[in-house]
Amino acid sequence: MIAIGAETEHGIIFHSEKLGFVTRSHTLAEEVVGSIVDLYPVFNRTLEGIDDEKEHEWAERILGRSLMELLSLKAPKALVQRYGLSGMIPLNGARYYIDTEHPEYSIPETSNPRDTLIAQKAGDLILDACRKRAEELLRSGKSRSAKHLEHPTAKIQIDRTNSDGKGNSYAGHENYSVSPKTFERIVGDRFFYGDFSGAFMTFLAARQIVTGAGKVGCESGKPIDYQVSARADFIETEINHSTTDFRPIINTRNHPYADEQVIRRLHVICGDSNMSQLSSYLKFGATALFLMMLDSGFLESQKTIFHTPLYRPVLSFRNIGRDTSLRHQVVFAGGLKRTALEIMVEASELMDRFVSLNDLPPVWLDVVEKLKLTLNGLYEKKHEDEFSRNLDWVVKERVISHFVEHKKIDWSDPLCQCINLRYHNIDPEISIFYKREARGEIMKLVEDSEVKEA
């Protein structure tokens, strides 16, 4: 079995007649995160968050030192945050805090992708409740951080997105428990890649066709109208420790939350933030299964494309992220070529065999079945298939294409960017995604009652 976690950074925008539009405000993030104490029982810790990206990088470099040593040095905010000593801990086991001027919500660790999905959606409910409370306080002049200011027209927008279209990227980080041996074989060491590095990079690149959140335009490379992934523009290197610059496909952060001799936390930072329940479920489920196949030795025993490394993995990652036709062929060492769809079909067949051989709980068979059905839909008319039409990037493509045709405008029109961002809004009264889901146009895998309970 495997433990799954997720940390979501949320984009945040404030607007009032007094100040106009404000983004990336530590005060605003503090207002939203701090409002939880009025709404839910929490373990209340220091609310201070990091507002300096250089401090982020410094904290990453020093993490190997002992916790007691760091605390004796009066550790700065970045280290306090790294060790989970800041923010709020709701009774559901999540953690809610400020990270470089935006709210971040970390779900409690889960043992299967269905519970992960429920926990993620519960986070949306909590953040939206906090947004409403923060607006009330700002409008009445009773805010925690600016009590002398009153903003009668205050409006806060929170988005579960990876990009604001202006060069800022908000992460949808994933965490998976693996054995120390598998961790080292994936991340390698300072001088050499591990022998699992290539296989995992190939999988992470190919899975974008299922996990992509969709994106209007681009923020790097050749201009494009629309792409599969919202995060791929920001992936710059193959393997690295950083999360804020030179972002890698494989992140080497080695910060276990348990005995590192027994279990390690693999930190995945290259994925998209999903609204679609199907995209999210398959993202966590398929990735967990792939890691279980590596951990158990199953993948090594099979003849598979994953034993051949990609030629230029970063370029392959970005090209897959930009290819809405799903016809682009990435190149492997030796000249072998495959589309992302072909790679994922092979992965799904391996997962099917692995689940059957190991008699795993039904949820894992459900992941494989839904993955196969979704991939099959992507081969044909993706907007009409029962499964593939529910993937984030496919839903968003359909919505914006209709708008472009109806209004007779280009994809480069700022209105398309507005729709792109509004899709990810967590307010059900505004969100394009949640409105369509409420009308039954987008597949739901879990009940609203389960999310509210969580």
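From the backbone phi of the stretch 432-446, what are the Karplus-calculated ³J(HN,Hα) couplings (6.51 cos²θ - 1.76 cosθ + 1.60, θ = phi - 60°) in whole Hz, Gly and Pro given as x?
5, 5, 5, 5, 5, 5, 5, 7, x, 8, 10, 4, 10, 9, 10
For the stretch 83-124, list log₁₀ I(q)/I(0) at each q in 0.23, 0.33 Å⁻¹, using the Debye formula over Cα point scatterers of equal strength and ignoring solvent, two decimals each.
Once normalised to I(0) and log-transformed, intensities are -0.78, -1.17.
Please identify the longest segment of the chain free of exposed chymotrypsin sites (Phe, Trp or Tyr not before Pro), where exposed means a DSSP state other than H, G, I, E or B and no more than 12 other Cβ atoms within 10 Å. Don't jump to the answer; show the numbers that get you there.
Working: sites that count: 191, 192, 246.
It works out to 247-454.
Can you give the calculated 222 nm mean residue ellipticity of the chain, where each DSSP H run of n ≥ 4 adds -39,500 (n - 2.57) and the sum is split over every residue, rounded to the nearest 500 deg cm²/dmol? Could you put the intermediate results ahead of the total?
On the way: 16 runs with 187 residues, N = 454.
Helix-only estimate at 222 nm: -12500 deg cm²/dmol.
Averaged across orientations, what area in nm² does the convex hull of the alpha carbons in the stretch 369-441 project?
Numbers: hull surface 22.2 nm².
The number I arrive at for the stretch 369-441 is 5.6 nm².
Here are some pairs, 283/370; 370/396; 18/121; which of them have Cα atoms lying more than 23 Å apart in this structure? Walk me through the intermediate numbers first.
Values: 283/370 11 Å; 370/396 20 Å; 18/121 33 Å.
The pairs that break the limit, which is 23 Å between Cα atoms, are 18/121.
For the chain, with the dipole built from +1 on Lys and Arg beta-carbon atoms and -1 on Asp and Glu ones, taken about the Cα centre, which of 320, 299, 170 lies farthest toward the positive end?
Selected residue: 320.
Less than 14 Å apart at the alpha-carbon level, and either on another chain or at least 8 residues along: which aspartates and glutamates does that give for residue 372?
342, 346, 349, 352, 380, 385, 386
Per residue, how large is the accessible surface of the stretch 346-454? Use a 1.4 angstrom probe and give square angstrom. Write down the numbers at each step before the final one.
Details: 5840 Å² over 109 residues.
Using a 1.4 Å probe on heavy atoms only, each residue of the stretch 346-454 averages 54 Å².
Compute the Cα gyration tensor for the stretch 183-315, then decide on rounded, prolate or oblate, letting a ≥ b ≥ c be the square roots of its eigenvalues: rounded whenever a/c is under 1.5, prolate when a/b is larger than b/c in the other cases, and oblate in all that remain. List each step's numbers first, then the result.
On the way: a/c = 1.55, a/b = 1.45, b/c = 1.07.
Verdict is prolate for the stretch 183-315.
If only Cα atoms are counted, what is the Rg of the stretch 222-294, and what is its Dmax, in Å?
14.5, 48
What do you get for GluC sites (Glu not before Pro) in the stretch 394-453 restricted to DSSP loop and a cutoff of at most 10 other Cβ within 10 Å of the site's Cβ? If you can, show how the numbers build up before the last one.
Details: sites: 397, 405, 429, 437, 441, 447, 450, 453; in loops: 429, 441, 447.
Filter output for the stretch 394-453: 429, 447.
In whole Hz, what ³J(HN,Hα) sequence does the stretch 368-383 give by Karplus (6.51, -1.76, 1.60; θ = phi - 60°), x for Gly and Pro?
Result, rounded to whole Hz: 5, 4, 5, 5, 4, 5, 5, 5, 4, x, 5, 6, 10, 8, 4, 7.
Using a/c under 1.5 as the rounded threshold, could you call the stretch 237-371 rounded, prolate or oblate? The axes a ≥ b ≥ c are square roots of the C-alpha gyration tensor eigenvalues, and prolate needs a/b larger than b/c, oblate otherwise.
Working: a/c = 1.37, a/b = 1.06, b/c = 1.29.
Rounded.
What percent antiparallel are the DSSP beta bridges of the chain, to the nearest 5? All intermediate terms of the calculation are to be shown ahead of the outcome.
Values: 40 of 45 bridges.
Restricted to the chain, the bridges split so that about 90 percent are antiparallel.
On average, how much accessible surface per residue is there in the stretch 214-307, in Å², for a 1.4 Å probe, leaving out ligands, DNA and RNA?
Details: 3020 Å² over 94 residues.
Each residue of the stretch 214-307 exposes 32 Å² on average to a 1.4 Å probe.
In whole percent, what relative contact order does the chain give with Cα contacts below 8 Å and a gap of six or more residues? Intermediate values should be presented prior to the final figure.
Working: 867 pairs, mean separation 78.3, N = 454.
Computed value for the chain: 17 percent relative contact order.
Taking the alpha-carbon centroid of each part, what is the distance from the stretch 397-416 to the stretch 1-44 in angstrom?
Comparing the Cα centres of the stretch 397-416 and the stretch 1-44, I get a distance of 30 Å.
Do any trypsin sites (Lys or Arg not before Pro) in the stretch 168-245 lie in a loop, going by DSSP, with at most 12 other beta-carbon atoms within 10 Å of their beta carbon, and if so which? Before the final figure, lay out each step's value.
Numbers: sites: 181, 185, 190, 207, 215, 231; in loops: 190, 207, 231.
Hits after loop and neighbour filter: 190.
Rounded, prolate or oblate for the stretch 262-337? Axes are the square roots of the Cα gyration tensor eigenvalues, ordered a ≥ b ≥ c, and the cut-off for rounded is a/c under 1.5. Kindly include the intermediate steps, with their values, before the conclusion.
Values: a/c = 1.90, a/b = 1.08, b/c = 1.75.
In terms of gyration-tensor shape, oblate.
Restricting things to Cα coordinates, could you compute the convex hull volume per residue of the chain in Å³? It would help to have the intermediate numbers written out before the result.
On the way: hull volume 66.6 nm³, N = 454.
Taking the convex hull of the Cα positions in the chain, it is 147 Å³ per residue.
Just want the answer: with Cβ charges of +1 for Lys and Arg and -1 for Asp and Glu, which residue in 339, 361, 350 is farthest toward the dipole's positive end in the chain?
The Cα lying farthest towards the positive end belongs to 339.
Taking the Cβ-Cβ separation of residue 132 and residue 308 as r and a Förster radius of 56 Å, what is the calculated FRET efficiency to the nearest 0.05?
Details: r = 52 Å, r/R0 = 0.92.
FRET efficiency, residue 132 to residue 308: 0.60.
Size of the dipole of the stretch 191-278 about the Cα centre, Lys and Arg at +1 and Asp and Glu at -1 on the beta carbon, nothing else charged, in debye to 20?
140
For the chain, with only Lys/Arg (+1) and Asp/Glu (-1) charged at the beta-carbon, what is the dipole magnitude about the Cα centre, in debye rounded to 20?
Working: 57 positive and 66 negative charges, 102 e Å.
Dipole about the Cα centre, nearest 20: 480 debye.
Stokes-Einstein D for the stretch 139-239 at 20 °C, 1.002 mPa s, Kirkwood Rh over Cα pairs, in µm²/s? Don't jump to the answer; show the numbers that get you there.
Numbers: Rh = 17.3 Å.
The calculation lands on 124 µm²/s.
Going through the stretch 309-352, which GluC sites (Glu not before Pro) have at most 13 other Cβ atoms within 10 Å and a DSSP loop state? Please report the intermediate quantities before stating the final value.
Values: sites: 342, 346, 349; in loops: none.
Taking the stretch 309-352 and a limit of 13 other Cβ atoms within 10 Å, no loop GluC sites (Glu not before Pro) are found.
Using a 1.4 Å probe on the protein heavy atoms, what percent of the accessible area of the stretch 241-292 belongs to carbon and sulfur?
53
The values are calculated or read from the model by the stated rules, or taken from the named source; none is laboratory data. Values in this document were obtained by computation on a predicted structure and should not be read as measured data. Please note: Cβ atoms are built from the backbone with ideal geometry, for glycine as well, and neighbour counts cover all protein chains shown. For the accessible areas, the whole protein counts, side chains as well, though only heavy atoms, and no ligand, DNA or RNA atoms are used. Shrake-Rupley method; radii C 1.70, N 1.55, O 1.52, S 1.80 Å.
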